[in-house]
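First up is the structure itself, then whatever we jot down about it.
The values are calculated or read from the model by the stated rules, or taken from the named source; none is laboratory data. Note that the structure is a prediction, hence the values are computed from the model and not measured. Every residue, glycine as well, gets a Cβ built from its backbone with ideal geometry; the counts of neighbours run over all protein chains shown. All accessible areas refer to the heavy atoms of the entire protein, side chains included, with ligands and DNA or RNA removed. Shrake-Rupley method; radii C 1.70, N 1.55, O 1.52, S 1.80 Å.
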Amino acid sequence: MSIWTRIGDIVSRVSGTALSNALEAVRTLFAGDPELRRRVAFSVAMIALSAKMAKADGIVTQNEIRAFRQIFLVPENEARNVARLYDIAKQDIAGYEVYAERLAGMCGSGHPNCAMLEDILDGLFHIAKADGMVHEREVAFLRRISEIFEISPDHFESILARHADIGEADPYKVLGVGRDASFEEIRKHYRLLVRENHPDRAIARGLPEEFVAIASTRVAALNAAYEVIEKGRRRR
């Protein structure tokens, strides 16, 4: 049985517009299966944050909804339940910190700059930029989430940079390297980042298979940044 069917079980327990008990329902329903509980809780919280992310600039656009669907590969027969959860969450941004805190508690490493939590931020940025720009309110929303996730300010700036248009982004900031680093140092760091962010590694660290598009998009941004640096160094 897929996680989407399980989310249907959660939706059936969420009355009216009350979303506050959804994660508690996850804990109760799947108490005997910790792995399934983690995956469903991740998905419910991610759906809630995605909806509230789209609402952060004051309006939920069709482009943002389409971006959400690019990340969440939901079977047609399960779409109604996911849509209901999303619609309840998108009414306002209130309560988003609770979901961010629950997600932070699920990080396997327990250390700052958790890779799984970075996956979530990447997914939220994907939605935020779907309407052509990342609004300053959306950046503030994501910055607050990154604080809850214990993502360092410098690392958050790297995440933010890789979601800018490649013509505008600082490729050094995207890769998290200094401009004074040698090309060999940059290449070594780039290869490490690509290896660490391969979709298979994302699944291994706990990202549900339904969300691997997040990891693929990140690797594409890293590749683009490295190519810009490489071309610039060759012209010297």
Go through the residues of region 117-131 one by one and say whether even a single one is part of a helix (DSSP H, G or I), surrounded by fewer than 18 Cβ atoms within 10 Å (Cβ to Cβ) and of a type in the set (Asp, Glu).
no
Please verify whether region 122-137 includes one or more residues that are in contact with a Phe, Trp or Tyr (Cβ under 7 Å, 6 or more places away or on another chain) and within 20 Å of ARG39 (Cα to Cα).
yes
Look through LEU73, LEU23 and report the one residue that is over 21 Å from ALA140 (Cα atoms), buried (at least 18 other Cβ atoms within 10 Å of the Cβ), modelled with pLDDT under 75 and touching a helix residue (DSSP H, G or I) at 6+ places or on another chain (Cβ under 7 Å).
LEU23
Would you be able to tell me the number of residues in region 25-62 that are within 20 Å of ILE93 (Cβ to Cβ) and among the basic types (Lys, Arg)?
2
Answer with yes or no whether ARG162 is in contact (Cβ under 8 Å) with a residue 24 or more places away in the chain, open to solvent by less than 40 Å² (accessible area, probe 1.4 Å) and among the basic types (Lys, Arg).
yes
Number of the condition not met by ILE88 [criteria: (1) open to solvent by less than 50 Å² (accessible area, probe 1.4 Å); (2) within 23 Å of LEU117 (Cβ to Cβ)]
(2)
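So that you can scan it fast, the table gives a plain yes or no per residue for (1) within 20 Å of the chain's Cα centre (by Cα); (2) at pLDDT below 90; (3) open to solvent by 60 Å² or more (accessible area, probe 1.4 Å); (4) aliphatic (A, V, I, L, M):
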{"site": "VAL177", "(1), (2), (3), (4)": "no, no, no, yes"}
{"site": "GLU184", "(1), (2), (3), (4)": "no, no, yes, no"}
{"site": "LEU192", "(1), (2), (3), (4)": "no, no, yes, yes"}
{"site": "HIS198", "(1), (2), (3), (4)": "yes, yes, yes, no"}
{"site": "GLU210", "(1), (2), (3), (4)": "yes, yes, no, no"}
{"site": "ARG234", "(1), (2), (3), (4)": "no, yes, yes, no"}
Counting only residues in region 132-150 that are of a type in the set (A, V, I, L, M) and open to solvent by 10 Å² or more (accessible area, probe 1.4 Å), the one nearest to ALA202 (Cα to Cα) is identified as ILE148
